[in-house]
Amino acid sequence: MSPMTLILPAIAYLVLSAALGLTLGPAMGLAAFGAAAGVHGLWLAARATETADEGKRALAQIRRELAAAREEARGILEAIESAARTRPDLGHVMTEVRVLQGLVEKLSGQPVPKQGVAVSAPSFADAQILDIVRDALRENRVELYVQPIVDLPQRRRRHFECFSRMRAPDGTLIGPDRYLPLAESAGLVSAIDNMLLFRCVQLVRRMQGTSTDVGVFVNISEHTLADTRFFSEFVSFMAQNAELAHNLVFELAESHTRRLTETQWAELDRLGSIGFRFSMDQVTDIDVESYTLAKRNFRFVKIEARKLLDFANSARGSAFARIRAAMMDAKLALIVEKIEAEPLLVEILDLEVDYGQGFLFGEPRPLKEAK
């Protein structure tokens, strides 16, 4: 367990008290801070321990102190809820704290990362990758990358899609193709997705101050949808931030939508009723049920360039005009992704699509470098 994760309840108390003027009680704040600080000291002691027996005793103590710190965090949340009953403007803060607390609980349940792992070589072992992922989640080294989505044929940047990248302590960047399969086997994908969702929400808040027309696309994975408690609370959180709906688009893979339960669809419908829009991602056959998707608040359909061309050049290609007419009538925009070169773009433009995405228009870049 890292110091940052353990001190989070105390930081939450101090930030909320300073920013909102909440009167949560000095005893509660000092108790939370004291518990976290005590655990921080134990963490440092455990790292300095040389023998296995001493390390085990230190970690056992860490777990006891962590339980106490979590109780303090729950007390802070209860106090915020109490204050929100008389301060309606604090409702969104209460919801965000509750959801983030659930995320911290999830990360707290993961094994303590090993120490002394070398991270200087680009070819990490699987165990090293998992340690880096856990540490990146705890120490806020999950970086937000964005890739432009342009309108065609003008190539103006109209939207951005968000991705996550992990950075090792030595600065090495690790892409999802390397860490996602391992994170899935370790049960960490949901935590990564949840963190990405909140980072994108923060991005949209900042963007709304300078631009109201740019959309931010973020994936809602099957793992996030399966985490019913988190997703229900996330939808409640978004309901209190409905002003973000104009700029935030949630992506769902076509294959995942086929496996959604009635409960999951109900939560997505709740998001749609608030005003949020969806994009159907990883489409394998462009002949989609446009009107059914539109009723479910889908406004975008995304397909790879080669798959679209294969369809257009196949025996079924004559149906493309009908399919596009239905999409336009249902107000579904077509995004073609993985456009890598000019000759490929020329072929795509003959099909009169709405948007393009791919390395030709820009690769995923850190948020601070995106323009």
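The values are calculated or read from the model by the stated rules, or taken from the named source; none is laboratory data. Predicted model only: the values in this text are computed from it and were never measured. Glycine also receives a Cβ, built like all others from the backbone with ideal geometry; neighbour counts cover every protein chain displayed. Please note that ligands, DNA and RNA were not included when accessible areas were found on the heavy atoms of the full protein model with its side chains. Shrake-Rupley method; radii C 1.70, N 1.55, O 1.52, S 1.80 Å.
Taking the Kirkwood radius as the inverse of the mean 1/r across Cα pairs, report the Rg/Rh of the range 246-342.
Details: Rg = 14.0 Å, Rh = 14.1 Å.
Answer for the range 246-342: 0.99.
Sequence gap at least 6, Cα distance under 8 Å: using those rules, report the relative contact order of the range 177-271 to the nearest whole percent. Working shown, then result.
Values: 68 pairs, mean separation 29.9, N = 95.
Computed over the range 177-271, the figure is 32 percent.
Once a ≥ b ≥ c are taken as the square roots of the eigenvalues of the Cα gyration tensor of the range 285-371, is the result rounded (a/c under 1.5), prolate (a/b larger than b/c) or oblate (a/b not larger than b/c)? Before the final figure, lay out the partial values.
Working: a/c = 2.66, a/b = 1.33, b/c = 1.99.
Cα axes put the range 285-371 in the oblate bin.
Skipping prolines and chain starts, which residues have an amide H placed within reach, meaning under 5 Å, of the one on R158, given they are 5 or more residues away or on another chain?
Those qualifying (amide H under 5 Å, at least 5 residues apart or on another chain) are I149, V150, D151.
Starting from the Cα of T292, step 7 Å along the direction of its Cβ; do the same at D170; then give the gap between the two resulting points in nm.
Label at T292, label at D170, 5.1 nm between them.
Express in nm, to one decimal, how much length is gained between Q154 and N140 on full extension, taking 0.36 nm for each residue of separation and deducting their alpha carbon distance. List each step's numbers first, then the result.
Numbers: separation 14, 0.36 × 14 = 5.04 nm, distance 3.73 nm.
Here the answer is 1.3 nm.
May I ask you to derive the relative contact order of the range 216-371, considering only C-alpha pairs under 8 Å and at least 6 residues apart, and to give it as an integer percent? Mind dumping the intermediate values first?
Details: 198 pairs, mean separation 26.6, N = 156.
About 17 percent, as a whole number.
Students often check this: by mean Cβ neighbours within 10 Å, which of 238-246, 132-140, 221-229 ranks highest, and how do the rest follow? Please list the in-between numbers first.
Details: 238-246: 16.1, 132-140: 20.8, 221-229: 18.1.
Going by the mean number of other Cβ atoms within 10 Å, highest first, we get 132-140, 221-229, 238-246.
Kindly sort R322, R365, R165 by accessible area of their heavy atoms, largest first, with the probe set to 1.4 Å. Mind showing how you got there, number by number?
On the way: R322 135, R365 110, R165 40 Å².
These residues rank, largest area first, as R322, R365, R165.
What is the calculated FRET efficiency for T228 to K331, with r their C-beta to C-beta distance and R₀ = 25 Å, to the nearest 0.05?
Details: r = 30 Å, r/R0 = 1.21.
It comes out at approximately 0.25.
Report the relative contact order of the range 332-371, percent, no decimals, based on alpha-carbon pairs under 8 angstrom and at least 6 residues apart.
Details: 32 pairs, mean separation 19.2, N = 40.
Here the relative contact order equals 48 percent.
Can you tell me the FRET efficiency between Q240 and D285 if r is taken as the Cβ-Cβ distance and R0 is 30 Å, rounded to the nearest 0.05? Write down the numbers at each step before the final one.
On the way: r = 38 Å, r/R0 = 1.25.
My answer for the efficiency is 0.20.
In the range 272-318, how does Rg compare with the Kirkwood Rh, expressed as the Rg/Rh ratio over alpha carbon atoms? Before the final figure, lay out each step's value.
Details: Rg = 12.6 Å, Rh = 11.7 Å.
Radius of gyration relative to Kirkwood radius: 1.07.
So what does the Cα-only Debye profile of the range 123-259 read at q = 0.18 Å⁻¹, as log10 I(q)/I(0), no solvent term?
For the requested q values the scattering log ratios are -1.10.
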